[in-house]
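Note sheet for the following structure.
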Amino acid sequence: MLKINTWKNISKIEQAKLLERPLQADNSHLKSRVQDIIKSVCAGGDTALKNLTQQHDGVWLDDIQVSTNEFANARKQIQDSTYQAIVRAIQQIYIFHNKRKPIDIQIEISPGIVCATQVRPIQRVGLYIPAGSAPLVSTVLMLGIPAQIANCAIRVLCSPPTKAGIIDPHILVAANLCGINKIYKVGGAQAIAAMAYGTETIPKVDKIFGPGNSWVTQAKMLVAQDVMGAVCDMPAGPSEVMVIADHNANPKFIAADLLSQAEHGGDSQSILICTDITVANKVNQEIQRQIEYLSRHLIIKQALKNSCVILVDTVIEAINIANEYAAEHLIIQIAQPRNYLPTITCAGSIFLGPWSPESAGDYASGTNHVLPTYGFAKVLSGLSVGDFMKTMTIQELTQTGLTSIAETIKELAKVEGLDAHRNAVDIRINKLLELMRPEIVTMSAYRSARSEQSQITNKTWLDANENPWDNKYNRYPEPQPRSLITTLASLYVADSEQILVTRGSDEGIDLLVRLFCRAGQDQIMICPPTYGMYKVAATIQGAGIIEVTLIKTENFSLDLNAVLQKWQPNIKIIFLCSPNNPTGNLLATSDILTICEKLDGKAIIVVDEAYIEFSGTDSLSKYINTYSNLVVLRTLSKAHGLASIRLGATIANPSIIQVLKKIIAPYPIAKSTADIACQQLKSDCVNKQIELINRERDKLILFLKKLPFVKKVWESKANFLLFEVTDSQKTMETCFKHGIVLRDRSNEYNLKNCIRATIGNPDENKLLMEILNHV
């Protein structure tokens with residue numbers, strides 16, 4: 001019978017005593033004897049294993065590896081019902097463990113910083129299956145199935161041989177069904193040593209799994225401490241169960257669970273925590289009744305000496321004790337046990353309700369029965385597929401990502417005195433700075449009053465020499481209006497740190513040339529026919545101009561090979577307009593990205609997307625986090641109908657934006673401009689207008705192609721058309737006389753007699769077509 005202890009009636013010391021585990025036998029010579037075995041195996045290999053097997057297992061083996069014939073004969077030696085039971089158990093265990101297989105994950109921590117984990121199997125694992133009065137088939141499954149799911153390349157199994165020099169056929173069949181075909185007839189400390197260091201026959205493994213006696217446990221501890229040895233799964237101790245029961249519990253079920261755990265060994269422990277003395281007494285009666293017909297009753301009686309009943313007032317009190325004990329197996333035999341699950345924090349495996357015996361977890365429910373004992377469930381988990389795998393962390397930063405955390409890294413490296421860590425960041429951040437004019441990079445920017453105090457509100461402003469009387473216009477605006485940048489960041493799907501607001505995109509062009517081109521030394525590259533302001537900005541700055549013409553015969557496509565061949569180190573900027581003005585065509589994204597990649601760290605690639613909204617394609621700004629040398633220009637003048645307020649944006653790597661802020665005018669954007677833009681961008685009419693313009697554009701293309709004096713009409717992805725006529729001057733004069741103003745592009749390279757017409761509203765387009773009929 002189990003002694004019944006009322007928890008509240010005993011002292012704290014007595015309470016702690018009740019929860020003590022039975023101590024394992026203290027053998028002061030065990031460690032040194034196991035060390036001798038390990039040394040012997042390391043020195044003698046297979047010969048040492050054979051000698052130790054004869055010494056400890058009483059059999060000499062000529063071959064320690066299980067042969068093909070032994071595998072073949074094993075299936076014939078077990079009953080079909082047993083075979084089917086093993087198969088069913090494998091199915092159950094496989095389903096549960098396969099769902100728990102760790103998976104690769106990838107997370108964008110912040111823009112430009114991607115962190116990930118990738119899972120890989122441990123390549124070489126060793127499984128130890130002890131031998132006793134019966135074959136531990138279930139342990140083979142609990143170790144073999146997770147190793148199989150993890151796809152460990154080498155799976156070695158060792159188990160002691162019988163006096164007949166064989167391994168039980170049930171073990172061989174179970175192992176074979178788990179995909180294990182390297183099995184060795186070696187047990188005890190010598191088996192652990194063989195797997196940890198390898199012999200002529202047994203391959204060395206990286207991690208060893210499985211239970212065993214004190215010799216095996218000691219050997220696992222020793223090889224795990226040796227860097228040349230092998231890691232081991234978890235500390236092993238005697239098996240244990242704790243049952244929590246209330247007045248609803250079935251005493252027969254409880255007694256059966258306590259006894260099933262006690263039969264593992266004389267040092268096992270079974271504890272019942274009960275809220276009802278009647279149930280506790282009936283459990284004791286059932287133990288006395290059931291123990292008599294159990295084959296291992298002598299072992300059970302020894303284990304019950306280490307066991308007890310604890311009587312408590314409430315289930316919560318019982319769970320608090322269970323959390324402190326941290327049982328290998330915790331059985332909850334109470335009403336609505338799942339309601340209490342959130343309060344349980346420490347247990348190896350939990351069994352809920354009357355129909356969940358611990359035996360189910362040991363064999364076939366699906367969970368693993370290799371569990372932490374001796375209170376290690378407070379910090380360790382039961383065996384899983386994850387134990388047969390390892391996780392590698394991966395990080396990939398774009399320049400934007402590194403720039404965003406550069407100061408954080410450098411500051412912490414400074415605190416720790418690790419200058420090389422700081423330098424590894426600086427040398428990368430400075431990559432783009434090396435392309436810039438050094439005098440601008442190092443200069444101190446003018447600090448306007450509002451650039452220093454723009455976020456302060458409700459103050460008396462006496463810092464900027466403004467007129468003090470409020471007429472709505474007497475104060476300077478924010479240099480870079482926060483609300484406008486936030487709105488544009490959302491519109492352009494970019495980070496606020498990547499955006500500089502400018503007076504139209506023309507100011508962005510001018511600022512970039514001033515930043516990267518030294519007068520008389522550096523050059524830009526343009527691809528005519530194209531927007532004329534690139535050349536103007538370069539000429540004003542005193543920068544050279546290299547031209548690589550678009551391929552007219554291929555609808556003005558980019559000459560990628562020529563761009564790359566003509567590039568030279570003093571060409572700091574390549575300007576590309578897409579859709580191109582005045583031809584209207586998109587440049588191939590693949591060509592642009594190839595140039596970015598080939599000239600990474602060598603040149604800035606500026607893509608002017610003034611007309612991108614009409615193209616039906618995405619902006620290239622989404623690649624700025626990938627290509628640090630990519631700059632995108634946007635404007636609100638075209639699709640958004642805000643040409644008169646002159647507002648644009650330069651989207652680039654934050655390190656470029658920060659230096660551009662040094663050279664932009666102190667107050668480039670009027671408050672009224674920012675307010676108008678924010679208000680207009682709330683409107684939902686833009687997409688409808690774009691759709692209408694594109695329809696009108698297509699209609700005008702069809703009309704122009706029918707006119708006899710129109711020689712060619714180029715397909716357009718913008719809000720204008722380029723077409724070639726027999727006499728551009730006559731056509732222009734006729735239209736002008738009737739009040740239509742077009743743009744003669746005949747002076748552009750390869751555009752003789754070419755005219756550019758903006759797509760107007762339907763009435764304007766109708767008028768244009770009527771007039772062109774008179775030409």
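Descriptive notes on the structure:
- In the chain, the longest principal axis of the Cα atoms and the axis of helix 399-416 are about 60 degrees apart.
- Whether the range 1-110 is rounded, prolate or oblate, judged on the alpha carbon gyration tensor where a/c under 1.5 counts as rounded: oblate
- Per residue, the average separation of C-alpha pairs within less than 8 Å and at least 6 apart gives the chain a relative contact order of 10 percent.
- Label sites at Ala519 and Met392, each approximated as a point 7 angstrom past Cα along Cα to Cβ, lie 5.4 nm apart.
- Accessible area ranking (1.4 Å probe, heavy atoms, ligands and nucleic acids excluded), largest first, for Ser295, Ser349, Ser746: Ser295, Ser746, Ser349.
- Shape of the range 636-775, Cα gyration tensor, a/c cut at 1.5: prolate
- Of the cross-linked pairs Lys50/Lys204; Lys431/Lys661; Lys76/Lys207, those separated by over 22 Å at the C-alpha level are Lys76/Lys207.
- Accessible area per residue in Å² at 1.4 Å probe, computed on the range 699-753: 58 Å²
- The range 510-633 - percent relative contact order, Cα under 8 Å, separation 6 or more: 22 percent
- Helix axis angle, 589-598 relative to the chain longest principal axis, alpha carbon, degrees: 80 degrees
- Fraction of antiparallel bridges per DSSP, the chain only, in percent to nearest 5: 40 percent
- Taking a point 7 Å out from the Cα of Leu692 in the direction of its Cβ, the residues of the range 636-652 whose backbone N falls within less than 18 Å of it are 637-643.
- Helix-only arithmetic for the chain: the sum of -39500 (n - 2.57) across DSSP H runs with n ≥ 4, divided by the residue total, places the mean residue ellipticity at 222 nm at -12500 deg cm²/dmol.
- Test item: Cα-centred dipole of the chain, Lys/Arg +1 and Asp/Glu -1 on Cβ, debye: 960 debye
- Residues Gln106 and Ile540, FRET efficiency given R0 of 45 Å [Cβ-Cβ distance, rounded to 0.05]: 0.45
- Exceeding the 19 Å Cα-Cα cut-off - candidates Lys711/Lys752; Lys699/Lys766; Lys552/Lys712; Lys390/Lys410: Lys390/Lys410
- Once both labels are positioned 7 Å from their Cα atoms along Cα-to-Cβ, the gap between Arg289 and Val741 label points is 10.7 nm.
- Net charge of Cβ neighbours under 12 Å - reference Tyr94; Lys, Arg +1; Asp, Glu -1: +4
- Cβ-Cβ distance of Lys566 and Asn471, R₀ of 56 Å, FRET efficiency by 1/(1 + (r/R0)^6): the value works out to about 0.55.
- Each of Ala85, Thr275, Trp215 was placed along the dipole of the chain (beta-carbon charges, centred on the mean Cα), and the one lying farthest toward the positive end is Ala85.
- Accessible area of the range 197-303 divided out per residue, in Å², using a probe of 1.4 angstrom: 41 Å²
- Near-label residues of the range 274-304 by backbone N, under 20 Å of a point 7 Å along Cα→Cβ of Lys8: 274-281
- For the range 323-411, the square roots of the Cα gyration tensor eigenvalues, ordered a ≥ b ≥ c, give a/c of at least 1.5 with a/b greater than b/c, which places it in the prolate category.
- By accessible area with a 1.4 Å probe, ligands and nucleic acids excluded, highest first: order of Lys76, Lys204: Lys76, Lys204
- Surface accessible to a 1.4 Å probe, Ile427 within the full protein complex, Å²: 110 Å²
- Note on Asp36 and Leu593: their simple-model spin labels are 6.9 nm apart, each label 7 Å out from Cα toward Cβ.
- Ile277-Thr201 FRET efficiency (beta carbon distance; Förster radius 56 Å; 0.05 resolution): 0.40
- Under 5 Å, built H, 5+ apart or other chain: amide partners of Asn250: none
- Accessible surface area normalised per residue over the range 483-548 is 34 Å², counting heavy atoms of protein chains with a 1.4 Å rolling probe.
- In the chain, the portion of solvent-accessible area held by carbon and sulfur atoms comes to 51 percent [1.4 Å probe, whole percent, DNA, RNA and ligands not counted].
- Percent antiparallel among DSSP beta bridges (both partners in the range 268-403, rounded to 5): 0 percent
- Residue-count net charge about Tyr492 - beta-carbon cut-off 15 Å; Lys, Arg +1, Asp, Glu -1: -3
The values are calculated or read from the model by the stated rules, or taken from the named source; none is laboratory data. In this text, all values refer to a predicted model and were calculated from it rather than measured experimentally. Here the Cβ is made from the backbone with ideal geometry for all residues, glycine too, and neighbour counts use every protein chain on show. Note: accessible area is taken over every heavy atom of the protein model, side chains too, but ligands, DNA and RNA are not part of it. Shrake-Rupley method; radii C 1.70, N 1.55, O 1.52, S 1.80 Å.
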